[in-house]
Amino acid sequence: MEKIKQILLQIFATKIGWAGISILLVIIFGSLSTHSTFIENGYVWCDYAVFAPLAYLLGLSITMIAYALIINPIKKFIKK
């Protein structure tokens, strides 16, 4: 039981876990959308539902790039 608790904590409490969930949702909603090649007639609501996880991934990527290129070097410079 403790092992399952640790796995769920890693999935839902870390940025990489949320990114994985978002990627999974993009795959699911994208495969069910009207632009899908997997099914003949897709669902219109999936066209719109795919934007939420994509927006999260875009925001997370921009934030991580900003930390890597701007914020962390400034913190290192201030500590010196």
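Please treat every number below as a calculation from the coordinates, not as lab data. Only a predicted model underlies this, so the values are computations on that prediction, with no experimental measurement involved.
Stretching the chain fully between ILE74 and THR37 yields a gain of 8.7 nm (0.36 nm per residue, less the alpha carbon separation).
Taking every alpha-carbon pair under 8 Å whose residues sit at least 6 apart, the range 2-79 reaches a relative contact order of 21 percent. Partner lysines whose Cα lies under 18 Å from the Cα of LYS5, excluding those fewer than 8 positions away in the same chain, are identified as LYS15.
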